[in-house]
Structure formats: structure tokens, C-alpha cells
Amino acid sequence: MCSNLNKGFVMAHRAGRHFLQIPGPSPVPERLVRAISAPVIDHRGPDFALLGHAVLSGMKRIFQTSSPVIIYPSSGTGAWEACLMNLLVPGDKVLFYETGQFAKLWRSMADRLGIVTDILEGDWRSGVDANRIEDALKRDTGNAYKAVCCVHHETSCGITSDIKAVRDAINVTNHQALLLVDSISGLGSVEYKHDAWGADVTVSGSQKGLMLPSGLGFNALSDKAIEVSKNINGQRSYWAWDDMLRANADGFFPYTPATTLLYGLKEAIAMLEEEGLLNVFSRHKKLACAVRDCVSHWGLETVCQVERQHSNALTGVMMPEDVDADKVRQVILEQFDMSLGTGLGKLQGKAFRIGHLGDINELVLMGTLCGVEMGLSLAGVPYQQGGVEAAMQYLTSHGEET
Ligand code: PLP
């Protein structure tokens, strides 16, 4: 038996490839690496307009919207700010639903921008309860809330929320609030329908389901959002939608775009559409079901406690009370060169997150789960062996899930 495990962590070259199984940035496939390595072109020249039109119209199909999509050279946080700055001014009131750390961070950004926020606190183990939003809106008879903000796919917990139910809650109360949604980690991995679900703005980013490096932020708009923004007398410049929309009409941007990432985005859209968006979603669902069978076999809890709200792009795994989840992650990184997501906010040290989104298939998933199971063993976590077999069993007995 080999007993010569490497005890010290050395950042030297390691054979094989690193497993980047955090819930974004997700691994960038070779095809996209090649696309973004093409030479930069003149962003005011005729060739650029072709690229601009291709990505602007392609992203409409990914968001499932007929309204414009704005593309910023920014991270997702920038796109959050753009959404708020184009629609709200200091003193405006907004209702946030706290599903986890990202909803909390978005809300604290709004606070810093002088927006008055009310919060419906969640338990971080379940998604948005649209009934609570409906009750809050019923009480707001004067339409003081200018917007309802929620996270479609809460990356800190692995929870998906029903955005259509939130839209219904707004409609049933005849409330005028805009619906602002973060699907930074959901878009391109799990179903998202900007128009059909009635979102006014959907915020997203390039480094998750779109399989690119970080650096592109998105705002998908509605006609109502565009109208409201025209009448807002707030301060904005870099993020201003109107400048963007004017330039985008001809395929250009008002300032230097992230050209190489846009090459990658064009290719990423092609990859998603060659596979078919519905097939992409069912691939993610099948892999996620296998992960959940595995975790349940280990005798561990997922962070998400509501069956229909489980994320298909990542799984949050709770550790037993006396186990430090970050120590387990550390063992797995040192021994098997695999990065897992840390617990965020109040889940720090209590849970870790397995990313299974983007450019991933059955064998990469099985490698990931093997690494986790071996790590649980080495870190001395009490668990029931055989989770990996349970996942294999799932994958071999199920087709793509719809
Ligand atoms: N919202 C969600 C749901 C996220 O997952 C993230 C990043 O992981 C963000 C917002 C922030 O995006 P970024 O780190 O690209 O600024």
C-alpha cells in the first residue's frame, strides 16, 4: 500500500490538470481560450460592428428576451451597480429578499448608494418566498417601493428561486415596483426566461455558465426599465444605459470594449446554441442530481433544504458541527489539486460548495466527487462510504433530465 502522501503543500508544478470546481469562475474550455487569443481589432472599425451585433443579438437569445442587453467591461458587481444607478436615486425605497450572501452584498451596495432598503430575511436554506413579497407589497399601498430585488440563483447556498412567482406577486398586488434580478451564476446553466418571467432587469456575468473569464457584466432590460431610466435624474456616466443603447444600435460601444472577451462571448454563445440551451440545462440537471445522490449517501446535508429549489450548477454541502469546512477544502486542494468553493458569510467554515457548471461532463464530475470523497476520508470527517458509487449509479441509470 502506498503511504507516501505529500504532507506539505507546495505550489510547484503538479502533473495532470487542476480541478477548478468552484461555482465560478468556471473552467474556460479550449475553444474559448483560442477565441479570446485572437488579435485585437479597431473597436471603431467596420469589422468590430459585426462582432458587436453578433454578441448583442446572441445575448438576447441567451437571456430569452427581445429587449436590449447591455454588455459592460466589468465584473458582476459592476453590473449590479449599473442596474441600480440607471433606475434609482438616493432616497428611493427598494425591497430586497435575502436568500444568502450575494443578496446581502447587493443590498449593502444599494445602502451605500443612498437607496433606502427594506429586507425580507431568509434562512439561507431556501429560496425566495413570493408570498412574503406579496404581503409586503400589499402593505405598501402608496407604491413607495420602486423595485423588488432578488437573486435567482444564490451562489453562496446553491439555491434557485422562482422568479415568475415573484412577478406574479407584484402583478397580483397591482404594484408598480420594478423587478430586478441577479442571475449572475444561473444564466447559461439553469433555465432563465427574462421576458416570460417578467424581469425588468436581469444582471449577469461572463465567468459562470458562459464559461469565460470574468470581465463582462450584463444588464438585460425591459421596455419599462428603459422608460423609467430615461426619467431618472440620477448621477451616472460609465454605467449609463442611454449612451450604450445609442452606440449599440450600430454595433459599437461608447468606450473601449473588452474586445477579446467579446470574441470569446461570440464563441460561447455558439457553443451553448450548438448543444441547445435546453440540452445544456438538462446536462446540468442530470449532473446535479448525481451530486445530490452522492451527498445524501455520504450522510451529509445539502445547504438547500427545499427539493424543487436545489441549484443544478453547484451544491453546498454542510459539514458536521465540529468540522471546519475550510480545513476539508484545504486537504482536498493540497492532496488532489482541486479547488472547491468556500462557505460565504454565515456559512464560512460550516459548508463548502462543489461547482458543477459550464464546461463539465460526467467524467469530470466523477473525478470531482472522487476528490471530495477521498478528502472527507483524509480530513477525518464522519461519512458513509460509497457516495461516488451512488453518483455513478445515477449517471448510468438516467438519461438527460428535463
Ligand atoms: N451575484 C452572484 C449571485 C454571484 O455569484 C456573484 C459572484 O460570484 C456576484 C453577484 C458578484 O459578481 P462578481 O464577483 O463578478 O463581481
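Only one of 363, 287 is of a type in the set (A, V, I, L, M, F, W, C), without any contact (Cβ under 8 Å) to a residue 40 or more places away in the chain and part of a helix (DSSP H, G or I). Can you tell me which?
Sole residue among the options that is of a type in the set (A, V, I, L, M, F, W, C), without any contact (Cβ under 8 Å) to a residue 40 or more places away in the chain and part of a helix (DSSP H, G or I): 363.
Checking residue 135 against (1) acidic (Asp, Glu); (2) within 15 Å of residue 181 (Cβ to Cβ); (3) out of contact with any Gly (no Cβ under 9 Å at 6 or more places or on another chain): exactly one of these is not met. Which one?
With respect to (1) acidic (Asp, Glu); (2) within 15 Å of residue 181 (Cβ to Cβ); (3) out of contact with any Gly (no Cβ under 9 Å at 6 or more places or on another chain), residue 135 is out only on (2).
Being open to solvent by 30 Å² or more (accessible area, probe 1.4 Å), closer than 30 Å to residue 30 by Cβ and not in a helix (DSSP H, G or I) is the filter here; which residues of the stretch 253-284 pass it?
Listed by number, the list holds a single entry, 256.
Being among the small types (Gly, Ala, Ser), open to solvent by less than 40 Å² (accessible area, probe 1.4 Å) and within 16 Å of the ligand (Cβ to nearest atom) narrows it down to one of 76, 58, so name that one.
76
Restricting the first residue to the stretch 369-380 and requiring it to be of a type in the set (Val, Ile, Thr), which pairs with a second residue that is open to solvent by 20 Å² or more (accessible area, probe 1.4 Å) and in a helix (DSSP H, G or I) meet a Cβ separation below 6 Å and a spacing of at least six or different chains?
Filtered contacts from the stretch 369-380: no entries.
Find all pairs meeting these conditions: Cβ atoms under 6 angstrom apart; at least six residues apart or on different chains; first residue within the stretch 117-141 and farther than 14 Å from residue 166 by Cβ; second residue part of a strand (DSSP E or B).
117/94; 117/96; 118/95; 119/96; 119/98; 121/98
How about the stretch 247-263: which of its residues are among the small types (Gly, Ala, Ser) and within 14 Å of residue 53 (Cα to Cα)?
Correct list: 247, 249, 251.
Mind listing just one residue for me: the one in the stretch 230-251 that is of a type in the set (A, V, I, L, M, F, W, C) and touching a residue at least 12 places away in the same chain (Cβ under 8 Å) and, of those, farthest from residue 76 (Cα to Cα)?
So, considering only residues that are of a type in the set (A, V, I, L, M, F, W, C) and touching a residue at least 12 places away in the same chain (Cβ under 8 Å), the one farthest from residue 76 (Cα to Cα) is 232.
With the checklist (1) open to solvent by 20 Å² or more (accessible area, probe 1.4 Å); (2) closer than 25 Å to residue 313 by Cβ; (3) out of contact with any Lys or Arg (no Cβ under 7 Å at 6 or more places or on another chain) in hand, flag the one item residue 103 doesn't pass.
(1)
Looking only at residues that are touching a Gly at 6+ places or on another chain (Cβ under 9 Å) and open to solvent by 20 Å² or more (accessible area, probe 1.4 Å) in the stretch 153-183, which one is farthest from residue 318 (Cα to Cα)?
Applying the filter and picking the extreme gives 171.
Please enumerate the residues belonging to the stretch 369-402 that are open to solvent by 20 Å² or more (accessible area, probe 1.4 Å) and over 28 Å from residue 189 (Cα atoms).
Matches in the stretch 369-402: 377, 378, 379, 380, 382, 383, 384, 385.
For the stretch 201-241, what are the residues that are within 12 Å of the chain's Cα centre (by Cα), of a type in the set (A, V, I, L, M) and assigned to a loop (DSSP other than H, G, I, E, B)?
The answer is 210, 211.
Looking only at the stretch 308-343, which residues are out of contact with any strand residue (DSSP E or B) (no Cβ under 6 Å at 6 or more places or on another chain), assigned to a loop (DSSP other than H, G, I, E, B) and polar (S, T, N, Q)?
Hits for the stretch 308-343 are 312, 342.
Against the definition (modelled with pLDDT of 95 or more and touching a helix residue (DSSP H, G or I) at 6+ places or on another chain (Cβ under 6 Å)), how does residue 56 come out, yes or no?
Taking the combined requirement at face value, the residue satisfies it.
Grab the strands (runs of 3 or more DSSP E) fully contained in the stretch 102-192, keeping just those with 3 or more residues being more than 16 Å from the ligand (Cβ to nearest atom).
Strands (runs of 3 or more DSSP E) meeting the threshold: 116-121, 145-151.
Among residues belonging to the stretch 184-199 that are in contact with a strand residue (DSSP E or B) (Cβ under 6 Å, 6 or more places away or on another chain) and open to solvent by less than 10 Å² (accessible area, probe 1.4 Å), point out the one that is nearest to residue 65 (Cα to Cα).
If we take residues in the stretch 184-199 being in contact with a strand residue (DSSP E or B) (Cβ under 6 Å, 6 or more places away or on another chain) and open to solvent by less than 10 Å² (accessible area, probe 1.4 Å), then 194 is nearest to residue 65 (Cα to Cα).
Give the residue that is farthest from the ligand (Cβ to nearest atom), with candidates limited to residues of the stretch 79-100 that are among the β-branched types (Val, Ile, Thr) and open to solvent by less than 20 Å² (accessible area, probe 1.4 Å).
The selected residue is 94.
Of the residues 336, 352, which single one is open to solvent by 10 Å² or more (accessible area, probe 1.4 Å) and aromatic (Phe, Trp, Tyr)?
Testing whether each residue is open to solvent by 10 Å² or more (accessible area, probe 1.4 Å) and aromatic (Phe, Trp, Tyr) leaves just 336.
Can you name the condition, by its number, that residue 207 falls short on among (1) under 23 Å from residue 109 (Cα atoms); (2) away from the ligand (no atom under 13 Å from the Cβ)?
In the conditions (1) under 23 Å from residue 109 (Cα atoms); (2) away from the ligand (no atom under 13 Å from the Cβ), residue 207 misses (2) alone.
The values are calculated or read from the model by the stated rules, or taken from the named source; none is laboratory data. What you are looking at is a predicted structure, and each value in this text was computed from that prediction instead of being measured. Reconstructed Cβ throughout: ideal geometry from the backbone, glycine too, with neighbour counts over all protein chains shown. With ligands, DNA and RNA removed, areas are computed over all heavy atoms of the protein, side chains included. Shrake-Rupley method; radii C 1.70, N 1.55, O 1.52, S 1.80 Å.
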